[in-house]
Amino acid sequence: MKSEEISHHRMVSQKLYNVEKCSPQEIVKHFGAMQAQDYAMAKWAVGCRCEASEKEIEEAVNSGKIIRTHILRPTWHFVAAEDIYWMLDLSAPQVKRFTISAAKKYGFDTQKLDKTLHSIQKLLSGNNHLTRDEIMQELDIKKTSKEDFLSAAIIMHAELDGLVCNGKMKGKQITYALLEERVKNPNSKLTKEEGLAKLALRYFESHGPATLQDFSWWSGFPPTICLKSINAIKLQLNSIEIENQYYYFKNQAFDNNKSIESVHFLPAFDEILISYKTREASFLADHQSKVFTNNGIFKPIILENGKVIGIWKRTIKKDHAKIETDFFNETESSKKEVLFEGIKAFENYLQTKVVIE
């Protein structure tokens, strides 16, 4: 495998070729966790890998088949319902350090946090789905600033504690519900070592070829712990050294597929970029500032044969969706017609007409 082939093989692992007839929750389970702070774009990250429409993915989220919560690094992720408990057991202790520290700045020590969580449990009991503002109003917790960091820390802590997760959407507003009322808690538990091994195997199967540093970045665990996890599953992994760097991938992840001609309009924060520590395999360094900002805001990208060639944005109108593109290099009109074939999947997903400008 050559370095320029990494992007192609990652697209195979990430199910961007030969979109499968599978459910949205099966796609999420394949990845283990999919970054989802931008809800609209996160749904498309699932939709571009299966034949589900946006409405079908929303139904999977609203019904609790897919859980949207804070896990791994302190950010939103989609997680399959069957994975939520063991993954919380594994990653919550390290992420809770962030929420505890944030809450302390506003006078909420661990004892006060626990008391607040007990009140939230009583509020949401009986499948009562409330927005964050509604919960804070009931608790008589005032907004502390324009950004409202206190309520964010409290709710995130409740998520990591396994108390709450996303409820049904209330229009365009996110609600919260009791996790135990959405997903049954299994009787069996994994040890930390078993959980780390399972997480590592899931990552390299869905993201490989990837490095130790990539897995550490994605999982939020330090490299020393991640290396132990890789060693625990080494019989189930292949590895290859490229430019003094080891890349790991699941044994059955690859076949003899040659590079496939393809164009993908991928969402902001898509796993094809954000799940790796470095992203040189997908775009030129000169284009980095156009793909994501210094403070970590990733743009929706246009991917041609595994390489980022531009960015795009959508605007939803009454009877259609408008797509605006910004290519890094001048693109011939004839080539643009081929590129725009890649947007047809988005049209099917939205179930509305797409107009490209």
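The values are calculated or read from the model by the stated rules, or taken from the named source; none is laboratory data. Note that the structure is predicted; figures quoted are calculated from it, not measured. Reconstructed Cβ throughout: ideal geometry from the backbone, glycine too, with neighbour counts over all protein chains shown. Protein only, heavy atoms only, side chains kept; ligands, DNA and RNA dropped before computing areas. Shrake-Rupley method; radii C 1.70, N 1.55, O 1.52, S 1.80 Å.
Please label the shape of segment 73-136 as rounded, prolate or oblate, based on the square roots a ≥ b ≥ c of the eigenvalues of the alpha-carbon gyration tensor (a/c under 1.5 means rounded; beyond that, a/b larger than b/c means prolate, else oblate). The shape class here is oblate. Taking amide H atoms as placed 1.01 Å from N in the peptide plane, the amide H of residue 36 lies under 5 Å from those of 76, 77, 78, each 5 or more residues away in sequence or on another chain. For segment 209-222, the Karplus equation 6.51 cos²θ - 1.76 cosθ + 1.60, evaluated at θ = phi - 60°, returns couplings of x, 8, 9, 4, 5, 4, 5, 4, 4, 5, 7, x, 8, x Hz by residue, with Gly and Pro reported as x.
Within the accessible area of the chain, what % is carbon and sulfur when the probe is 1.4 Å and the other protein chains stay in place? Numbers along the way, then the final one.
Numbers: 8350 of 17720 Å².
Of all accessible area on the chain, carbon and sulfur atoms account for 47 percent.
Maximal additional length on extending the residue 173-residue 63 stretch stands at 38.0 nm, based on 0.36 nm per residue less the C-alpha distance. Rolling a 1.4 Å probe over the heavy atoms of the protein chains gives the chain an accessible area of 50 Å² per residue.
Once the Cα atoms are used to define both axes, helix 110-124 deviates from the longest principal axis of the chain by about 80 degrees.
Using only Cα atoms, find the angle between the long axis of helix 84-104 and the longest principal axis of the chain, and express it within 0 to 90 degrees, rounded to the nearest 10. With rounding to tens, the tilt is 70 degrees.
Would you mind counting up the charge near residue 53? Only other residues with Cβ under 12 Å from its Cβ, with Lys and Arg at +1 and Asp and Glu at -1. Could you put the intermediate results ahead of the total?
Details: positive: 43, 55; negative: 51, 54, 56, 58, 59, 347.
Around residue 53, the surrounding residues sum to -4.
Give me the distance in nm between label points sitting 7 Å out from Cα along the Cα-to-Cβ direction at residue 53 and residue 112, one decimal. Distance between label points: 4.9 nm.
Looking at the square roots a ≥ b ≥ c of the eigenvalues of the Cα gyration tensor of segment 133-245, which shape do they give, rounded for a/c under 1.5, prolate if a/b is larger than b/c, or oblate?
Prolate is the answer for segment 133-245, as a/c is 1.5 or above and a/b outweighs b/c.
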